[in-house]
Amino acid sequence: SRFVGEDESDAITAADIRSPNELIAEYDTYVEKLKTHKIRLGWPEVDARLRGIAPGEVLTLIARSGVGKTAVLQNILRHIALSQDAISLFCSLEQPLAQVFERFAQMSTQETGEDIEIGWDTPMTRERIAAAVSKDLGEHVYVCGRSGLRMEQLEQALDATQAKANHPVSVLAVDYLGLLDMRDLDRNLYGQISRAARELKNLAKR
């Protein structure tokens with residue numbers, strides 16, 4: 001039977017259905033992938049409870065404005081860069097790129113933002129700060145500073161990062177969900193955020 005208007009490309013076929021034995025094969029592949037692709041956040045208690053973040057999973061950090069969600073996220077990305085062989089893409093929809101760099105510099109040097117800003121004019125200090133950030137992040141963290149990204153542009157950013165890094169992206173970090181441009185998906189803000197969460201899950205699965 002067919003539904004009116006059914007798209008042939010979306011039709012479910014036998015290839016979409018798995019038998020128990022095929023599920024065993026899927027799980028075997030999944031477990032092998034977890035050995036090298038599971039992401040740890042750097043908090044032992046949280047990592048133990050979550051068992052790490054596996055491919056296809058989405059982690060959402062929820063808190064009031066101004067309590068440090070972006071700082072937490074950048075600390076997580078730095079931890080991943082220092083401890084795991086993974087490429088991360090940080091889509092900073094709120095902070096300008098210069099501020100993203102300054103915060104990474106604060107983490108790498110244990111200095112205040114003011115100290116980094118003042119010392120930047122001194123060539124030796126500038127080289128020391130730049131070297132510290134480069135040593136921590138290496139070629140593991142990439143940043144996209146475009147604001148108001150649409151969902152399809154997130155996919156484009158992932159493709160561009162993979163081409164630049166010559167390696168698959170393991171972690172996509174979006175700061176923050178409410179700044180994604182989802183107007184074409186829903187009229188009200190609640191609907192946009194709900195749709196964004198669903199679309200990010202679909203993206204992670206892909």
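Hey, does region 38-48 have a residue that's farther than 21 Å from Val141 by Cβ, open to solvent by 80 Å² or more (accessible area, probe 1.4 Å) and at pLDDT below 90?
First, pick out the residues of region 38-48 that are farther than 21 Å from Val141 by Cβ: 44-45, 48.
Add one more test, that the residue is open to solvent by 80 Å² or more (accessible area, probe 1.4 Å), and what stays is 44-45.
Cutting the leftovers down to at pLDDT below 90 gives us none.
No, the conditions are met nowhere in region 38-48.
Going residue by residue through region 184-192, is there one that turns out to be among the small types (Gly, Ala, Ser), open to solvent by 40 Å² or more (accessible area, probe 1.4 Å) and farther than 19 Å from Leu77 by Cβ?
Checking region 184-192: not a single residue is among the small types (Gly, Ala, Ser), open to solvent by 40 Å² or more (accessible area, probe 1.4 Å) and farther than 19 Å from Leu77 by Cβ.
Looking only at helices (runs of 4 or more DSSP H) that fall completely inside region 69-144, which ones have 2 or more residues that are touching a residue at least 40 places away in the same chain (Cβ under 8 Å)? Don't jump to the end; show me each part of the working.
Details: elements: 69-83, 97-109, 113-119, 123-137.
Qualifying helices (runs of 4 or more DSSP H): 69-83, 97-109, 123-137.
Would region 115-131 turn up any residue that is among the polar types (S, T, N, Q) and either modelled with pLDDT under 95 or under 28 Å from Leu200 (Cβ atoms) (or both)? First the steps, then the outcome.
Residues of region 115-131 that are among the polar types (S, T, N, Q), as a first pass: 122, 125.
Going one step further and asking which of them are either modelled with pLDDT under 95 or under 28 Å from Leu200 (Cβ atoms) (or both), we end up with none.
There is no residue in region 115-131 that is among the polar types (S, T, N, Q) and either modelled with pLDDT under 95 or under 28 Å from Leu200 (Cβ atoms) (or both).
The values are calculated or read from the model by the stated rules, or taken from the named source; none is laboratory data. Since the structure is predicted, the reported quantities are computational estimates derived from the model, not experimental observations. Backbone-built Cβ (ideal geometry, glycine too); neighbour counts: all protein chains shown. In case anyone asks, the SASA skips ligands and DNA or RNA and just uses the protein heavy atoms, side chains included. Shrake-Rupley method; radii C 1.70, N 1.55, O 1.52, S 1.80 Å.
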